[in-house]
Amino acid sequence: MQVHSNWAATSEDARFKADMQAFAMKGETTNYAIERASELLFKVQDETTGLILNAEILRALTRESQSNMEGHLAYLQEIRARINAIWDRTFDLHRISANTLAWQRDTIAELTTRGAQVAASTQAAIDSLSETGESPFKPEYRRHVSMLADASQKIRETMTMFFDRYMMQQKSRRQAALVLATE
């Protein structure tokens, strides 16, 4: 008899999971997706700090006559590593985005656009230095570095917007909980 009830519970769990999956596939928001998206976006925000720091140092180095090509390549590789980490999280965000809040989907879309800009400019700068042996002081290289630094700043702006919206959401949840508690 005990085994039968365990099977029944397992059957109910499977049915519940199937119902939740079908619900999620309809594009409805789910608490899991909302919380997971916020978690991933906070991780992106952490990566963005390092991305901006390296991009701005690199931009400053393009004005410094004492800098060498190896130093530039080292910063570009660090930027590439940061943007790849952001891409990994963005990929996960895209998988759950249909089940997130509208403002989270907007943040994911904006992050994708800005991340692509940073990635393209970073690769162009790397190619410019390594394949052609171009000097870090040539206008074309400087343009790529400036574009990647500007796009990195835009990612930061996107992440700041996300954080502000997240905080508003949390405040709204607390207020709703207070209203329910006082009723």
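The values are calculated or read from the model by the stated rules, or taken from the named source; none is laboratory data. Computed from a prediction, not measured in an experiment: that's the story for all the values here. Note that we place each Cβ from the backbone using ideal geometry, even for glycine, and neighbour counts take in every protein chain shown.
Worth pointing out:
- Failed item, numbered, when A18 is tested on (1) exposed (fewer than 15 other Cβ atoms within 10 Å of the Cβ); (2) modelled with pLDDT of 90 or more; (3) farther than 16 Å from L111 by Cα: (2)
- Set side by side, the residues T122, T48, T100 differ, and just one is among the polar types (S, T, N, Q) and either within 12 Å of the chain's Cα centre (by Cα) or modelled with pLDDT under 90 (or both), which is T48.
Conditions tested, residue by residue: (1) out of contact with any strand residue (DSSP E or B) (no Cβ under 7 Å at 6 or more places or on another chain); (2) buried (at least 23 other Cβ atoms within 10 Å of the Cβ); (3) without any contact (Cβ under 8 Å) to a residue 24 or more places away in the chain.
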position	(1), (2), (3)
L93	yes, yes, no
I96	yes, no, no
T112	yes, no, yes
S130	yes, no, no
K138	yes, no, yes
V145	yes, yes, no
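- Filtering the range 61-80 to residues that are in a helix (DSSP H, G or I) and either within 25 Å of the chain's Cα centre (by Cα) or buried (at least 16 other Cβ atoms within 10 Å of the Cβ) (or both) leaves L61, H72, L73, A74, Y75, L76, Q77, E78, I79, R80.
- Verdict on T122 being under 28 Å from R36 (Cβ atoms), surrounded by 15 or more Cβ atoms within 10 Å (Cβ to Cβ) and either touching a Phe, Trp or Tyr at 6+ places or on another chain (Cβ under 7 Å) or basic (K, R) (or both): no
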